[in-house]
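The values are calculated or read from the model by the stated rules, or taken from the named source; none is laboratory data. Given the structure is predicted, the values throughout are model-derived calculations rather than measurements. We place every Cβ from the backbone using ideal geometry, glycine too, and count neighbours over all the protein chains shown. Just the protein is used for accessible areas: all its heavy atoms, side chains included, with ligands, DNA and RNA removed. Shrake-Rupley method; radii C 1.70, N 1.55, O 1.52, S 1.80 Å.
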Amino acid sequence: MLASVVPDFAADSTQGHIQFHQYIEGSWAILFSHPADYTPVCTTELGEVARLQGEFTKRGVKVLALSSDTTDAHRGWIDDIEAFTPGCKVDYPIISDAKQKIATLYGGIDPDEKDKAGNALSARAVFVVGPDKKLKLSILYPATTGRNFIEILRVIDSLQLTAQHSVATPVNWKHGECVAAVPGLSDDEVTQKFGGFKRVVLPSGKGYLRLVSDPES
Ligand code: BEZ
C-alpha cells in the first residue's frame, strides 16, 4: 500500500544473500519482478534495465530484479540477456523466487498466465521504494506486457522531485518543464514558496491549475 513500509524478505540472488530492508538502507530502490527465466519478454526487459543501469545509479536508485526461478537458472540466463542487448552487463542482483513467496507477499501474481503445470505465474510488478523504506509507487503489468523503463525513470524523476517540493507533475512531464503547485497550498503559500505562479484560466473559474517552474531546474 502506498506510503507503508514495504515487507522485508530474505532471499538468495545472483549477488548472494539479500535482506531487502538492509539492501535498501537509506537509498531509493526499484524492485521489479518477472514470471520466469528463459522467457522472451523477460529477456528483453532485463537487458533494457542493464542498459539503463547508469540512469538508475545517477538517480541514487538501487536496482533489484526478481524472477520465479533458482539462482543457478538466473546465472545461466544472464548470458542470453547480455547477448540479446549487446554491450549491456547485468550488474544488478536477480533474486531467486522459485516458490513465488516474495511475489505472493507483494501481491504480484498474474492469475491469467499459467506455467505448463497450470500454476499461476508471477506478474511484472514494479515497486519503487523510498529511502524511508516506504512504497512510493507500484505498477502491475500482466505477464504478457513488457514494461517501458524509460517511463519508469520519468516516474522516478517525478517521485524524487515531489518528495522534496510541494508540487505535482502534469501529464508527460519531464525535468525542466513546468509543474503544478499542490492543491493543499493557498495562493499566498505558493507565491512564498515559488516566487509566484501562473494561473491557467479554465471554464469552471475555480483557479486550481497553478503552474510554477520546475524547482530543480
Ligand atoms: C515472456 O516473458 O515472454 C512471458 C512470460 C510468461 C508469460 C508470457 C510471456
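Note that segment 80-89 has calculated 3J(HN,Hα) couplings of 5, 4, 6, 6, 5, 10, x, x, 7, 10 Hz, one per residue in order, obtained from phi through the Karplus relation 6.51 cos²θ - 1.76 cosθ + 1.60 (θ = phi - 60°); glycine and proline are x.
Of GLY195, VAL171, LEU185, which is farthest towards the positive pole of segment 164-206's charge dipole, taken about the Cα centre with +1 and -1 on the beta-carbons of Lys, Arg and Asp, Glu respectively? Toward the positive end, the furthest listed residue is VAL171. Using the Cβ of ARG210 as centre and a radius below 10 Å, the other residues enclosed give a net charge of +1, where K and R count +1 and D and E count -1. Amide hydrogen proximity for SER122: with H placed 1.01 Å from N in the peptide plane, the residues at 5 or more positions away or on another chain lying under 5 Å are ASP110.
Backbone amide hydrogens, once placed in the peptide plane, bring TRP28 within less than 5 Å of LYS62, excluding anything fewer than 5 places away on its chain. Rolling a 1.4 Å probe over the heavy atoms of the protein chains gives segment 64-194 an accessible area of 50 Å² per residue. As a fraction of the 1.4 Å probe accessible area of the chain, surface on carbon and sulfur atoms comes out at 54 percent.
Using a/c under 1.5 as the rounded threshold, could you call segment 1-118 rounded, prolate or oblate? The axes a ≥ b ≥ c are square roots of the C-alpha gyration tensor eigenvalues, and prolate needs a/b larger than b/c, oblate otherwise. Oblate is the answer for segment 1-118, as a/c is 1.5 or above yet b/c matches or exceeds a/b.
Around the Cα centre of segment 15-160, unit charges on the Cβ atoms of Lys, Arg, Asp and Glu (plus for the first two, minus for the last two) sum to a dipole of about 440 debye. The stretch between ALA83 and GLN22, if pulled fully straight at 0.36 nm per residue, gains 18.8 nm over its current Cα-Cα span.
Helix 149-164 and the long axis of the chain differ in direction by around 50°, with both axes built from C-alpha atoms.
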